[in-house]
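One structure is given here, and the rest of the page talks about it.
The values are calculated or read from the model by the stated rules, or taken from the named source; none is laboratory data. As the structure is a prediction and not an experimental result, all values here were calculated from the model. Every residue, glycine as well, gets a Cβ built from its backbone with ideal geometry; the counts of neighbours run over all protein chains shown. When the accessible area is computed, the model is the full protein with side chains, heavy atoms only, and any ligands, DNA or RNA have been set aside. Shrake-Rupley method; radii C 1.70, N 1.55, O 1.52, S 1.80 Å.
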Amino acid sequence: MDWDNLRYFLELARSGTLMSAARRLEVDHTTVARRIQALEKEVGAPLFSREAGGHRLTEAGRKLQPQVEAMESAFQAVESTAPASQEGLSGLVRIGATEGFGTVVLAPQLALFAQQHPKLTIDLLAMPRLVHLSRREADIVISLERPARGPVVVTKLTDYTLRLYASKQYLAAHQPIKTREDLRGHTFISYVDDLLFSKELQYLDELHRPDAFALRSTSVLAQHRAVAAGAGIAVLPAFIAEQDAALRPVLGDQANFTRTFWMSMPAETKHLVRMQTVWNFLREAAEAQRDALLLPTPTTGSAAPRSSPAAHRSSRPARVRPP
């Protein structure tokens, strides 16, 4: 029985669609389909039922999957100890992250990391939506909410601070803002409510419900540019806004928020050297940017909005080590 056929079977079983499996395997989707057909011929039974939403395992496929996963684990264990694996990291690691964090914080760090490991390919999915680990859209996911279930390794990556910001141009053209009541009548920039991918982005519900929006966008980078252009006020991550000399915080600690980034990956891949190395690098990169990510906490007694409940859950950061 051809191991490559089994490998393609496992990827399709995990991703659920030919296109997703093809992206992961870096082949054309017709190649995946052809491999699956060859395996089904070898096994003598259909392994998937073809449905509108993708491919679902049949009873024969469900029985085969754990056996193939055991073969995969054995293969990866041999691969990680082979002499060639000591020559440097190789293969693909796809990282899913929120748009702002992925673009502003991770991209420069990962570019330097990639230079140190020329045989390793890093895909950075910096997107204004949730990247799904369960759908195999990425190998490592950095999200605003801790995964609730599933065979995954999870760690709290870092807290980060957000504040209310406006441009110097906007503040000079409007009445001073000294209290939350002064926010009435001001124009805001925010997310599109019905397209929010996380409840952790509902900052304004804790602060002030605006009378008007100049712009709403699914992109935090678009919101930042709109604020810098003087279009209104917005809650922005400090690691983005503090780098822009044209912006000023509004209300200081009265409009100070804390949120948390969680990092996760499938438990089945945690023993892979490239996954361990990238995982640990991301933890170190977040720690190196701590001062930019997490501004000093509000002074005692300030009327700051509450932090995200997730930010206060105890979670010792986990360093993944070889078994």
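Residues in region 93-131 that are within 18 Å of residue 259 (Cα to Cα) and either more than 10 Å from the chain's Cα centre (by Cα) or in a helix (DSSP H, G or I) (or both): 99, 100, 101, 102, 103, 104, 105, 106. Surrounded by 19 or more Cβ atoms within 10 Å (Cβ to Cβ) and either free of Cβ contacts under 8 Å to residues at least 12 places away in the same chain or polar (S, T, N, Q) (or both) - does that describe any residue in region 137-149? Yes, some residue in region 137-149 is surrounded by 19 or more Cβ atoms within 10 Å (Cβ to Cβ) and either free of Cβ contacts under 8 Å to residues at least 12 places away in the same chain or polar (S, T, N, Q) (or both). Applying a threshold of 8 Å to beta carbon distances and a minimum spacing of six or more residues, or different chains, the list of pairs starting in region 209-222 at a residue that is farther than 10 Å from residue 234 by Cβ and at pLDDT 90 or above and ending at one that is open to solvent by 40 Å² or more (accessible area, probe 1.4 Å) and β-branched (Val, Ile, Thr) reads 221/103. Among the helices (runs of 4 or more DSSP H) confined to region 132-246, the ones with at least 1 residues that are over 23 Å from the mean Cα position of the chain (by Cα), over 30 Å from residue 20 (Cβ atoms) and not β-branched (Val, Ile, Thr) are located at 168-173, 204-207, 220-228. Selection of region 156-212 for residues being open to solvent by less than 30 Å² (accessible area, probe 1.4 Å) and of a type in the set (S, T, N, Q) yields 158, 161, 167, 190, 198.
When residue 85 is evaluated against the numbered criteria (1) at pLDDT 90 or above; (2) part of a helix (DSSP H, G or I); (3) among the hydroxyl-bearing types (Ser, Thr, Tyr), which criterion, by number, is the only one it fails? Residue 85 satisfies all of (1) at pLDDT 90 or above; (2) part of a helix (DSSP H, G or I); (3) among the hydroxyl-bearing types (Ser, Thr, Tyr) except (1).
Note on region 241-265: residues that are under 26 Å from residue 131 (Cβ atoms), open to solvent by less than 10 Å² (accessible area, probe 1.4 Å) and of a type outside the set (Gly, Ala, Ser) amount to 7. Kindly evaluate residue 62 against the criterion of being loosely packed, with under 15 Cβ neighbours inside 10 Å, in a helix (DSSP H, G or I), at pLDDT 85 or above and not small (Gly, Ala, Ser). The answer is yes for residue 62.
Exactly one residue out of 34, 23 is among the charged types (D, E, K, R), within 29 Å of the chain's Cα centre (by Cα) and under 29 Å from residue 123 (Cα atoms), and it is 23.
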